[in-house]
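First up is the structure itself, then whatever we jot down about it.
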Amino acid sequence: MTYAAAHPPASLRGIVTGLAGYAEHATTPVVRREGPTGGVTLILAWGGPLLVEGFGGPARHGAFLAGVDDVWGTTSFTGHQAGVQVDLTPLGAARLLGRDGAEVAHLVTALDLLDVPALAALPEHLAATPTWEARFALVTTTLTGLLARSAFRPDPEVAHAWRRLAAARGRVPVAELATETGWSRRHLLARFHRQVGLPPTVAGRVLRFRHASTLLVPGRGPDRVPADVRIADVAAACGYADHSHLVREFRDLTGWTPREYLRAWFPDACLLNEADGSRMRPFKAPAGHEPVIPPETTLVVPVVGADVLGRTLDDDHVHRPQLISALTGAPLGSVITPAIVAGVLAHPDGGRKGVPAGARVIVVINKVDALADRAPVHETAERLLREPAIRAVVLAAVRAEKPVLEVCAR
């Protein structure tokens, strides 16, 4: 795949948010799921047609304009694809087209049906242009000319409300926008919906989702890499009530959970999730709400600190000693033995709790390097491997230069 990006000129600031060229060839179908962006997408293609489904489709399009939307859809093709993608703000698109955003919202419209001859002619001219730099220049010149000739002007109040929502990534109450514009809530809702193409509450929802998806998968183009962030932290940063709220929004707006969204972008990536915590204790049993293991998980790694062996079963040394006692029958205050540790980690309500069907379980016993006598650790591993669901036990020192000391397996 060939990918080239350019910075929009200052003359198109507030109109164009992204400009990129692409060319690719595929002998088997390439299917991509597209979530809502909070903007309008202009595809100036001169390759084969795309099959577009979900955005008012299905339909096959060459060059087209995808209006602002709050649903997801898919594009697919086989063969050759080439074009320039222009990302527009909703009000920027309205100015270029000379009409309200609601007229093209929720639709994918072929360029020759927009009654804008300069846009309809662009793909053919771009195909005959030899370099990406010259193509970008042709696109920006055409758009600048359309903007200069456009008689459409959004209401200043609507423009202000959109800028506030975009800057705050959707997190501005409609009542606050109404107060700032001096309009009634009802009047703002009607005018905003008409000119932008979505009501402000829906636009805000999409913009907040877009921020979250960008935090998970930053950048543009095929060379994106997953961000080093936790999904729970993304939820907090974007103002979602909790992790579950973010998951529901992703499902509504993409049809995927956040992890499925990441997996689609990076099918070969390893996604690490901390399912619960132990309050800095080396050993624990899970509470009723733990662990939080996504259903698509393929490997579960229960972890225990080797330094708990020989300690007392109490709050000073373990997290939730009462639950450990209930799982193993060991009285509180007992000396923690390999049998107790293995009994909890191998128990379906302990270390194996919530493990999805088909997922592997590999136990890690950490801080083994701190022990003078490793016999209790080896006994713990031997007991754990009596449970068929546990694939292996790793004896580790995760902070050491060589973190894996030994792998115990059947």
Of the chymotrypsin sites (Phe, Trp or Tyr not before Pro) in segment 233-334, those whose Cβ has at most 14 other Cβ within 10 Å and which sit in DSSP loop: none
Loop trypsin sites (Lys or Arg not before Pro), segment 317-393, which have at most 13 other Cβ atoms in a 10 Å radius of their Cβ (DSSP): R386
Overall Cα dimensions of segment 299-409 - principal axes, largest extent first, Å: 37, 34, 21
Total charge dipole magnitude, segment 299-409, about the Cα centre, Cβ charges on Lys, Arg, Asp, Glu only, Debye to nearest 20: 380 debye
Residue (of W46, P117, A63) at the positive-pole extreme of the chain, dipole from beta-carbon charges: P117
Three semi-axes of the equivalent ellipsoid, segment 2-149, Cα gyration tensor, whole Å, largest first: 22, 19, 13
Charge dipole (the chain, unit charges on Cβ, about Cα centre) - positive-most of T2, A134, I336: A134
Lysines whose Cα lies under 18 Å from that of K367, excluding same-chain neighbours fewer than 8 positions away: K284, K402
Value of relative contact order over the chain, rounded to a whole percent, pairs C-alpha under 8 Å and six or more apart: 11 percent
Helix 132-149 vs. the chain, principal-axis angle (Cα, 0 to 90°, nearest 10): 60 degrees
DSSP bridge orientation in segment 299-409 - percent antiparallel, rounded to nearest 5: 40 percent
For segment 170-213, projected area of the alpha-carbon convex hull averaged over all directions, nm²: 2.8 nm²
Relative compactness, segment 156-265, computed as alpha-carbon Rg over 2.2 N^0.38 Å: 1.18
For the chain, calculated [θ]222 nm from helices alone, where every DSSP H run of n ≥ 4 adds -39500 (n - 2.57): -10000 deg cm²/dmol
Alpha-carbon gyration tensor eigenvalues x 5, square-rooted, for the chain, Å: 55, 25, 16
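None of the figures in this text is laboratory data; all of them are computed from the coordinates on show. Here the structure is a predicted model, which means the values were calculated and not measured. Heads up, the Cβs are rebuilt from the backbone with ideal geometry, glycines too, and the neighbour counts pull from every protein chain shown.
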